[in-house]
Amino acid sequence: MKRTSLQLAIALTVLTSFACPAVFAAVPADSKSKVARKKKYRSSAARTSAAAGKPSLRRVRRVIPKGPLVSAKIRAEAHEGVFANIANGAEIPVENSAALVPFFELLYRHQKGELPGPVRILHYGDSHTAADEWTGDLRTRFQEKFGDGGSGYSFAGRPWNGYRREDVRTGSTKGWHTDGLVGRAGDGIYGLGGVSMTTKAPREAVYLQAEGQSFELFYLQQPGGGTIQIYDNGALVERISTSGEEEPGYFHYDTAPGAHKLEVETLDRAPVRLFGWVAENSTGVTYETLGINGAQASIQLDWNEPVLKSNIARRNPSLIVLAYGTNEAGQRAWTLESYRRMFEELIGRIRDAAPTATIFVVGPPDRYIHTRKGWVAMDQIDMIIEAQRQAAAATGCAFWDLRAKMGGKGSMRQWVLAGMAQNDHVHFTAPGYHLLGDAVFRDLMSQYDLFVKARADSVADAAAPVKQ
């Protein structure tokens, strides 16, 4: 993990110049498509660094003091310190790593061509997850090693202004209402990722631009539900009524591999509720980002269980990552016992929906809070990490201590000085998230390599002749 002076210079350049250009995805000009004549979409491809860094949708106004001026020497020393901590973190074991064996077995069989279809990973979490920089890095790493299975599941349209996925473009017209966000609770019928888009107006639309050969739309079938039309690259594919007994609905569409723009258009004044899109290839890995800004782990307990169970079963994931804790640390109402019980209940609900999936718990990162005395490490993180550790052990889940990997309690200050974390002392910069993604993948693959070796030894022992 050591960096040369050239690599350090490049990293520092990236830190000072990082920005995401705003991009607008145009609507197809096919005159036969009603969607083509609609007003402009709100596109999630408009990615500004400010939108990507919002920690919450609660609209709480608070002033974060500007960061101190950091000399080049101090920044370079902090930068090297961060990389050293991440390198040393390789010596910190993945706790209960044996729980990863079922996932590794599926990966191995898939890699050998023995398992058809993509291997799917669902990653639930808060704003660290929602930014899709940490998860985007993990997606890239997995797909480089095991093949590109496609983008998998993404939210329908643009459920909030900063929503984005690094591997797809999504957008929606202005007549949709979002439910499931923090501070915008509804009836709990939000689908796989806890976010739904609803409209009662005709000629409202959402779109997805993605690579793939197999697509699905997750929606709600409901009494009096409206009719929708689905287009692929401007050509009408299907007309669907969403009316019926209340239950999850699925539209599946196979097509030629490549780039596609799928669109949904409402046709009448009747309720339509959409959950999300799926885009897949026939093989490889999908890494699906299911983060909500400001979320706590307990948010999932408010989601409609039958709908969530159906959606998870439909995705049939091999690995489910739970990455919460940052926002809970700011809530004094939680105790070790109450948080552990809640987290065990959450794991139980997920395991009921996906009994064959491996569950991988990722603890929260270090976090600071600003007081009259300045920035101080948040003590409540200690309790959250321990509660998650105990819950993971009690329920047979693997546990990865993110805070320990980044340097332990108080390490966030070094990450801020290095330019690897933002001055709110909560969120990371893009290079910081990518470094964390590399660390998670490194540790998972080191365990995977041990699994592959042990598996080969076991097969060899079984094939060896029995000595008389």
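Bear in mind that the values in this text are calculations on the coordinates, not laboratory data. Please read these numbers as outputs of a predicted model, since none were measured by experiment. All Cβ positions, glycine included, derive from the backbone under ideal geometry; neighbour counts span all protein chains shown.
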Label model pair GLU238, GLU144: point-to-point distance (7 angstrom along the Cα→beta-carbon line) in nm is 3.6 nm
Given N residues in segment 66-217, what is Rg(Cα) / (2.2 N^0.38 Å)? 1.36
Cα-based Rg then Dmax for segment 178-240, in Å, read 13.5, 38
Euclidean distance of C-alpha centroids, segment 163-196 and segment 400-415, integer Å: 31 Å
Taking 366-374, 169-177, 428-436 and ranking on average Cβ neighbours within 10 Å, highest first, one gets 428-436, 169-177, 366-374
Using packing as a proxy for protection, rank 383-394, 95-106 so that the peptide with the highest average count of other Cβ atoms within 10 Å comes first. 383-394, 95-106
Report, in listed order, any pair from LYS309/LYS405; LYS145/LYS261; LYS309/LYS409; LYS73/LYS145; LYS200/LYS261 with a Cα-Cα distance greater than 25 Å. LYS309/LYS405; LYS145/LYS261; LYS309/LYS409; LYS73/LYS145
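Could you please rank SER243, SER154, placing first whichever residue has the fewest other Cβ atoms within 10 Å of its Cβ? Before the final figure, lay out each step's value.
Working: SER243 15, SER154 25.
The fewest-first ordering by Cβ neighbours comes to SER243, SER154.
Where does each of 246-256, 113-123, 335-345 land if you order them by average Cβ count within 10 Å, highest first?
Details: 246-256: 14.2, 113-123: 18.4, 335-345: 16.7.
Averaged packing, sorted descending, gives the order 113-123, 335-345, 246-256.
Please report, in whole Å³, the volume per residue of the convex hull around the C-alpha atoms of segment 64-135. Can you show the working numbers first?
Details: hull volume 13.0 nm³, N = 72.
Enclosed volume per residue, from the Cα hull, is 181 Å³.
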What is the antiparallel percent of DSSP beta bridges lying wholly in segment 287-435, to the nearest 5? 40 percent
Using θ = phi - 60° and the Karplus relation 6.51 cos²θ - 1.76 cosθ + 1.60, list the HN-Hα couplings for segment 305-320 in order, rounded to whole Hz, with x at every Gly or Pro. 5, x, 5, 4, 4, 5, 5, 5, 4, 4, 6, 6, x, 8, 9, 10
Inter-part gap, Cα centre of segment 339-377 to Cα centre of segment 420-450, in whole angstrom, is 17 Å
For LYS453, counting only aspartates and glutamates whose alpha-carbon sits under 13 Å away and dropping same-chain residues fewer than eight positions off, the answer is GLU105, ASP461
